[in-house]
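J.: One structure, as structure tokens, below. Some questions next.
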Amino acid sequence: MHFNTGQLTGNFVPDNDSSNSSDMSQSDSDDTSSDISLDSDTDTESSEGPSNADITHDSLAPGSSGEALTLNEDEEEDETVKAIIRSKQLHRSHPPTITLEDFIVDICFHPQNDMIAVANILGDVMLYKYTNEETELVSSIELHLKACRDIEFDHDGKILFSTAKDLSIMMTDVETEKLVRLYENAHEQPVYTMSILGEHTFATGDDDGVVKLWDIRQKGNTPVFSIKQMEDYVSAMITNRDNKYLVCASGDGSLTTFNIPAKKLHIQSEEYEEELLCLGLFKSETKILSATSKGKMYVFNWGEFGLHSDEFPSLTKKALNCMIPITENIVITGGEDGILRATSLFPHHNLGVVGQHNFPIEALDINRDGTLIASSSHNNDIKFWNVEYLETLNTSERIKGGKQKQMKHNLPSSKVDNASDFFADL
């Protein structure tokens, strides 16, 4: 989550409305048969012709007037009904869009279940269950007095960690929705970001560049250590499986690394000309990728945090607010231009557009099996994208054509938009 600016659900479910279309189609069919029967009765009364049963049977025979009548009615069928029927026949590979009334600050997939948590600017957290056909609000928890900043599940999904502008950190039992622990006034400034490090430890960074490490086994609200080395907000934090180094990106343009066991500063990079906004691990945790407020991406070797080893030119001059590693070599970024892009890192080249929002993208997350990503934007919406195809994508094949064509190239996920878009063909 990257909260860069100041700080219910109306889902359209095609299958539900498709069932209505089935009723409507049945109604049309019933009306047709009624008209045919009435005409047959009239014919029977006016002549010595065949019986009602014979007329009804003959009227539905090929080439009969009854068939013509049915075809005419089908041609005049309401276009909305046709669209709904078509939508039911489409194979959906991702859940429909979730839209909220309030600004969405962060999103987080549950690590075990088909569920996603959504935090808003009011300090509330909503839990949604999802399938490819629908999303369902199962819980709305009022947690913080001010805007949420970050939400994270623990590793088994039983506890939800949340931070907010009210300076507090909360641990909530997901099943009972009861508060397990409250760190009141955990920082002197609002907590900007948080990272779950292990079963018992997590780290937080605030608007003033202060980083704190917490151990939930300790009593009280005292952190394991507290360090201030950055001059601006802590935008992102990351570590590897060893949990030796905590790497932090900052709005002051520096990459700052702390030695966790030694509880001290390890190294701080040179200051870059732009804000470092997000971080990701790649190549079996040997590479760190950082994206900036000017759309650039810098690669650092793990253990060599003082200076980047590679720099990738930007496809956009606008900020890249968030990123998600999809494979050891592919990253998806989202930013101010509202576009989700997939990029191969080694060799470096743009793979194409994964999806798009109408407004800047605020947060990204990936589900437990790596097949779905979710993105939220300033339009108060959450869109889902199926990115399973990226697991087998040949990243060595470049898109033919110049840079402009590569930038506009759309990947499979971008061709399948969300549920309500079937109205577009009306």
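The values are calculated or read from the model by the stated rules, or taken from the named source; none is laboratory data. Note that the structure is a prediction, hence the values are computed from the model and not measured. No Cβ is skipped: glycine too gets one built from the backbone with ideal geometry, and neighbour counts run over all protein chains shown. Accessible surface is based on the protein model in full, side chains and every heavy atom, while ligands, DNA and RNA are left aside. Shrake-Rupley method; radii C 1.70, N 1.55, O 1.52, S 1.80 Å.
J.: Give all pairs with beta carbons closer than 7 Å in which a residue from region 233-258 that is among the basic types (K, R) meets a residue that is open to solvent by 10 Å² or more (accessible area, probe 1.4 Å); count only pairs at least 6 apart in sequence or on separate chains.
T.: R241/E285; K244/N259; K244/I260; K244/P261
J.: I'm checking my understanding of the structure. Among residues of region 99-135 that are part of a strand (DSSP E or B) and among the charged types (D, E, K, R), which one is farthest from M170 (Cα to Cα)?
T.: Step by step, filter region 99-135, then rank; the result is K129.
J.: Those residues that are surrounded by fewer than 19 Cβ atoms within 10 Å (Cβ to Cβ) and in a strand (DSSP E or B), I need them from region 246-279; list them, please.
T.: Result: N259, K264, L265, H266, I267, Q268.
J.: So, of the residues in region 158-203 that are within 23 Å of the chain's Cα centre (by Cα) and of a type in the set (S, T, Y), which turns out to be nearest to L246 (Cα to Cα)?
T.: So the residue we want is S195.
J.: Moving to a separate point now. Taking I382 and the conditions (1) surrounded by fewer than 18 Cβ atoms within 10 Å (Cβ to Cβ); (2) closer than 18 Å to L100 by Cα, which numbered condition does it fall short on, given that it satisfies the others?
T.: Evaluating I382 over (1) surrounded by fewer than 18 Cβ atoms within 10 Å (Cβ to Cβ); (2) closer than 18 Å to L100 by Cα leaves (1) as the failure.
J.: Determine whether F202 is open to solvent by 10 Å² or more (accessible area, probe 1.4 Å) and out of contact with any helix residue (DSSP H, G or I) (no Cβ under 7 Å at 6 or more places or on another chain).
T.: no
J.: I'd like to verify a number: residues in region 149-178 that are assigned to a strand (DSSP E or B) and either in contact with a Ser or Thr (Cβ under 6 Å, 6 or more places away or on another chain) or of a type in the set (S, T, Y) (or both), how many?
T.: Total satisfying the criteria: 9.
J.: For residues that are touching a helix residue (DSSP H, G or I) at 6+ places or on another chain (Cβ under 7 Å), buried (at least 24 other Cβ atoms within 10 Å of the Cβ) and among the aliphatic types (A, V, I, L, M), tally how many sit in region 343-364.
T.: Residues meeting the conditions: 1.
J.: Among the residues of region 224-242, write down those that are open to solvent by less than 50 Å² (accessible area, probe 1.4 Å) and out of contact with any Asp or Glu (no Cβ under 8 Å at 6 or more places or on another chain).
T.: Once the filter is applied, which keeps residues that are open to solvent by less than 50 Å² (accessible area, probe 1.4 Å) and out of contact with any Asp or Glu (no Cβ under 8 Å at 6 or more places or on another chain), region 224-242 yields F225, I227, A236, M237, I238, T239.
J.: Say whether the condition of being charged (D, E, K, R) and open to solvent by less than 40 Å² (accessible area, probe 1.4 Å) is met by at least one residue in region 305-314.
T.: Within region 305-314 (the criterion being charged (D, E, K, R) and open to solvent by less than 40 Å² (accessible area, probe 1.4 Å)), the answer is no, since none of the residues qualifies.
J.: Something else about it: Could you grab the pairs with beta carbons closer than 6 Å, sequence gap of 6+ or different chains, first residue in region 178-196 and more than 16 Å from L213 (Cβ to Cβ) and open to solvent by 50 Å² or more (accessible area, probe 1.4 Å), second one in a strand (DSSP E or B) and among the charged types (D, E, K, R)?
T.: V180/D173; Q189/D206
J.: Right, G335: on the phi > 0 side of the Ramachandran plot, open to solvent by less than 20 Å² (accessible area, probe 1.4 Å) and at pLDDT below 95 or not?
T.: So G335 does not fit the description; no.
J.: Only residues that are assigned to a loop (DSSP other than H, G, I, E, B) and closer than 15 Å to N410 by Cβ: list them for region 348-381, please.
T.: H357
J.: Being of a type in the set (K, R) and under 25 Å from the mean Cα position of the chain (by Cα) is the requirement here; does K283 meet it?
T.: When the stated conditions are applied, K283 passes them.
J.: G209 versus (1) at positive phi; (2) open to solvent by 20 Å² or more (accessible area, probe 1.4 Å): which is the lone unmet condition?
T.: Every condition holds for G209 apart from (2).
Residue-by-condition table, conditions (1) at pLDDT 95 or above; (2) of a type outside the set (S, T, N, Q); (3) open to solvent by 60 Å² or more (accessible area, probe 1.4 Å); (4) under 18 Å from F153 (Cβ atoms):
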site: E79; (1), (2), (3), (4): no, yes, yes, no
site: R86; (1), (2), (3), (4): no, yes, yes, no
site: R92; (1), (2), (3), (4): no, yes, no, no
site: I104; (1), (2), (3), (4): yes, yes, no, yes
site: P111; (1), (2), (3), (4): yes, yes, no, yes
site: N120; (1), (2), (3), (4): yes, no, no, yes
site: Y130; (1), (2), (3), (4): yes, yes, no, yes
site: E133; (1), (2), (3), (4): no, yes, yes, no
